[in-house]
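Q: I'd like to ask some things about the structure below.
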Amino acid sequence: MDRLIDKAAEDIAAARSVTALTGAGVSIESGIPPFRGKGGLWEKIDPMEYAHIDAFRRDPEKVWQVLIKSMADVLGSARPNDAHFGLVRLEKMGKLKTVITQNVDGLHQAAGNTDVIEFHGSFARQCCTDCGKQCQSSEVNMDAIPPRCQCGGIYRPDCVFFGEMIPPDALLRSRAAAASCDVMLVMGTSAMVQPAAHMPVLARENGARIIEINPESTPLTGSVSDCFIPGSGGRIMNAILARLERLCGPVHE
Ligand code: NAD
Ligand code: ZN
């Protein structure tokens with residue numbers, strides 16, 4: 001394990017530009033359940049019944065009651081953990097340029113990263129399905145479900161449901177960040193959701209080294225990833241940062 005941490009720290013120390021790709025796993029230690037795996041939301045509900053855009057169109061009230069409301073409740077009180085703070089320290093060292101996240105929880109921004117691409121949108125914003133008006137989720141009155149805009153239209157979170165396109169700007173910027181880095185740090189993603197899972201492939205094709213952090217192996221492990229470090233995001237990031245600070249000097253806050 002120590003050798004893996006050392007190697008990852010050396011790769012990052014030598015890199016000019018690091019891009020991170022994160023998934024639900026980085027927010028587990030903040031108390032937000034992931035979709036897949038142990039304790040995941042999919043153990044309790046069927047994704048196609050709740051997280052597909054057709055399900056929302058068919059029965060928005062049901063999707064609001066079960067999926068959106070429970071997500072909103074958990075997200076409201078969640079705070080960043082060491083996995084998020086580790087990425088902030090990497091940015092302050094001048095190494096990390098961009099975080100591509102599949103998460104909709106806003107925790108990378110809350111921790112302090114400045115360039116965060118929300119690949120699957122955000123739960124922090126709502127959008128009216130009739131007039132397109134956008135607002136902060138905190139401004140939406142959730143006494144009645146589904147919540148409605150002044151025009152009478154139903155609000156939906158500004159995130160990407162299964163069956164929907166990735167916002168074109170997020171996709172374009174992510175591809176550029178993947179293609180231009182020399183290390184990609186892939187953390188807390190099952191790499192089962194496309195096209196997010198393609199970003200490490202793109203990075204590798206353009207010569208980047210891929211460091212993967214996850215307690216379990218994924219479809220990237222052993223093929224796309226050059227280095228797989230088993231473990232939780234917070235613990236491994238702390239270990240890499242400690243080693244990196246010995247190589248590059250401490251981060252000035
Ligand atoms: P996922 O739920 O498919 O997989 C989570 C991954 O995290 C697994 O591979 C698991 O082994 C790993 N993991 C578990 N504990 C970890 C830890 N302590 N540290 C690091 N990794 C850990 O997540 P996904 O790949 O992001 O894809 C599912 C989709 O679910 C995403 O597109 C996202 O939009 C959505 N989602 C987001 C949130 C959030 O915003 N926090 C939460 C649930 C789902
Ligand atoms: Zn409206």
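The values are calculated or read from the model by the stated rules, or taken from the named source; none is laboratory data. In this text the structure is predicted, and so the values were computed from the model without any measurement. Backbone-built Cβ (ideal geometry, glycine too); neighbour counts: all protein chains shown. The accessibility values were calculated without ligands, DNA or RNA, using every heavy atom of the protein model including side chains. Shrake-Rupley method; radii C 1.70, N 1.55, O 1.52, S 1.80 Å.
Q: Per 5 Å bin, what is the whole-percent P(r) computed from every C-alpha pair distance within the chain?
A: Bins of 5 Å from zero give 1, 6, 13, 18, 19, 16, 11, 8, 5, 3, 1, 0 percent of pairs.
Q: Let me ask another. Would you please classify the overall shape of the range 156-198 from the alpha carbon gyration tensor, given that a ≥ b ≥ c denote the square roots of the eigenvalues, rounded means a/c under 1.5, and beyond that prolate means a/b larger than b/c while oblate covers the rest?
A: oblate
Q: Identify all lysines with a Cα-Cα distance to Lys7 below 27 Å; exclude those on the same chain that are fewer than 8 residues away in sequence.
A: Leaving aside lysines fewer than 8 places away in the same chain, those within reach of Lys7 are Lys92, Lys95, Lys97.
Q: Carbon-plus-sulfur fraction of the accessible area of the chain, 1.4 Å probe, in percent? It would help to have the intermediate numbers written out before the result.
A: On the way: 5950 of 11700 Å².
Looking at the chain in its full context, I get 51 percent from C and S.
Q: Less than 15 Å from a label point 7 Å out along the Cα-to-Cβ axis of Arg173: which backbone N atoms in the range 80-104 qualify, by residue?
A: Correct set: 97-104.
Q: Hey, another quick one. Of the DSSP beta bridges with both residues in the chain, give the percent that are antiparallel, rounding to the nearest 5. Walk me through the numbers on the way to the answer.
A: Details: 9 of 32 bridges.
Of the beta bridges lying entirely in the chain, close to 30 percent run antiparallel.
Q: Can you give the local net charge around Pro168? Use residues other than it whose beta-carbon is closer than 14 angstrom to its beta-carbon, Lys and Arg +1, Asp and Glu -1.
A: It works out to a net charge of -1.
Q: Can you give the FRET efficiency to the nearest 0.05 for Gln150 and Lys62, using r as the Cβ-Cβ distance and R₀ = 35 Å?
A: Once rounded, the FRET efficiency stands at 0.90.
Q: Short version: what are the Cα gyration tensor semi-axes of the range 7-90, square root of 5 times each eigenvalue, largest first, in whole Å? Mind showing how you got there, number by number?
A: On the way: eigenvalues 222, 40, 27 Å².
Each semi-axis is √(5λ); the values are 33, 14, 12 Å.
Q: Heavy atoms only, probe 1.4 angstrom, no DNA, RNA or ligands counted: give me Cys248, Cys135 ranked by accessible area, highest first.
A: Accessible-area ranking of Cys248, Cys135, largest first: Cys248, Cys135.
Q: Within a Cβ distance under 10 Å of Gly25, other residues only, what is the Lys/Arg minus Asp/Glu net charge?
A: So the environment of Gly25 carries a net charge of -1.
Q: What whole-number distance in Å separates the alpha-carbon centres of the range 204-253 and the range 18-52?
A: If we compute the Cα centre of each part, the gap is 20 Å.
Q: I would also like to ask the following. Could you list the trypsin sites (Lys or Arg not before Pro) in the range 27-76 that lie in coil according to DSSP, counting only those with at most 15 other Cβ atoms within 10 Å of their Cβ?
A: Lys38, Lys44
Q: What percentages make up the Cα-Cα pair-distance distribution of the range 104-211 when the bins are 5 Å wide from 0?
A: Pairs per bin, as whole percents: 2, 11, 17, 20, 17, 12, 9, 6, 4, 2, 0.
Q: Rounded, prolate or oblate: which fits the range 74-130 when a ≥ b ≥ c are the square roots of the eigenvalues of the alpha-carbon gyration tensor, with rounded for a/c under 1.5 and prolate only if a/b beats b/c?
A: Taking the square roots of the gyration eigenvalues as a ≥ b ≥ c, the range 74-130 is oblate.
Q: Please name whichever of Gly207, Pro167, Ala83 sits farthest to the positive end of the charge dipole of the chain, dipole taken about the Cα centre and charges placed at Cβ: Lys and Arg +1, Asp and Glu -1.
A: Gly207
Q: May I ask for the Rg/Rh ratio of the range 171-253, computed from Cα atoms with Rh as the Kirkwood radius, given to two decimals?
A: Details: Rg = 13.5 Å, Rh = 13.5 Å.
Here the Rg-to-Rh quotient is 1.00.
Q: Excluding Pro80 itself, calculate the net charge of residues whose Cβ lies under 11 Å from the Cβ of Pro80, where each Lys or Arg counts +1 and each Asp or Glu counts -1.
A: In short, -2.
Q: Quick one: compute the contact order of the chain, relative version, from alpha carbon pairs under 8 angstrom and 6+ residues apart, as a percent.
A: Relative contact order comes out at 26 percent.
Q: Moving on to the next point. Suppose R0 equals 45 Å; then what is the FRET efficiency for Asp46 and Lys92 from their Cβ-Cβ distance, rounded to the nearest 0.05?
A: Efficiency computed from Cβ-Cβ geometry: 0.60.
Q: Moving on. Among the lysines, which have Cα under 25 Å from the Cα of Lys69 when same-chain residues fewer than 8 positions away are ignored?
A: Lys38, Lys44, Lys133
Q: Each label point is 7 Å from the Cα along the Cα-to-Cβ direction; what then is the distance between the points at Ser70 and Thr114, in nm?
A: Between Ser70 and Thr114, the simple spin-label model gives 3.9 nm.
Q: With every protein chain left in place, what is the accessible area per residue of the chain in square angstrom, probe 1.4 Å?
A: For the chain, the solvent-accessible area averages 46 Å² per residue.
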